[in-house]
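In what follows, a structure is listed as structure tokens, so that the remarks can point back to it.
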Amino acid sequence: MRIGYLECFSGISGDMLLGALVDAGVPFAHLEQTAAALDVGARLEMRKVMRGGISATKVDVITPDHPAPEADH
């Protein structure tokens, strides 16, 4: 069994947490299936980003009211 510990002394955003889970080995398909099972009309999109010279995975939650954000260039 694997255990993950989150030290969120100053908070954590949902996209950061989902991206960290994917980077830690959780298959993105599992997260997609979980979002679909909630039946709230939300879906997930995943992309790689560079922030401050560090590569990471960003997972956006897309709802009908909030379309996907523009890619950073």
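Using a 7 Å offset from Cα along Cα-Cβ at Ile62, what residues in the stretch 35-50 end up with backbone N under 13 Å from the label point?
Counting only backbone N, you get 42-47.
Computed FRET efficiency, Cβ-Cβ of Met50 and Leu17, R0 22 Å: what is it to the nearest 0.05?
Working: r = 19 Å, r/R0 = 0.87.
Result of the calculation: an efficiency of 0.70.
Share of the chain's accessible area from carbon and sulfur, percent, 1.4 Å?
Numbers: 3520 of 5870 Å².
Here carbon and sulfur together make up 60 percent of the probe-accessible area.
Using 1/(1 + (r/R0)^6) with R0 = 30 angstrom and r between the beta carbons of Ile3 and Arg43, what's the FRET efficiency to the nearest 0.05?
Numbers: r = 29 Å, r/R0 = 0.97.
Computed FRET efficiency for Ile3 and Arg43 comes out at 0.55.
The values are calculated or read from the model by the stated rules, or taken from the named source; none is laboratory data. Worth saying up front: this structure is predicted, and the values here are computed from it rather than measured. No Cβ is skipped: glycine too gets one built from the backbone with ideal geometry, and neighbour counts run over all protein chains shown. Note: areas computed on protein heavy atoms with side chains; ligands, DNA, RNA excluded. Shrake-Rupley method; radii C 1.70, N 1.55, O 1.52, S 1.80 Å.
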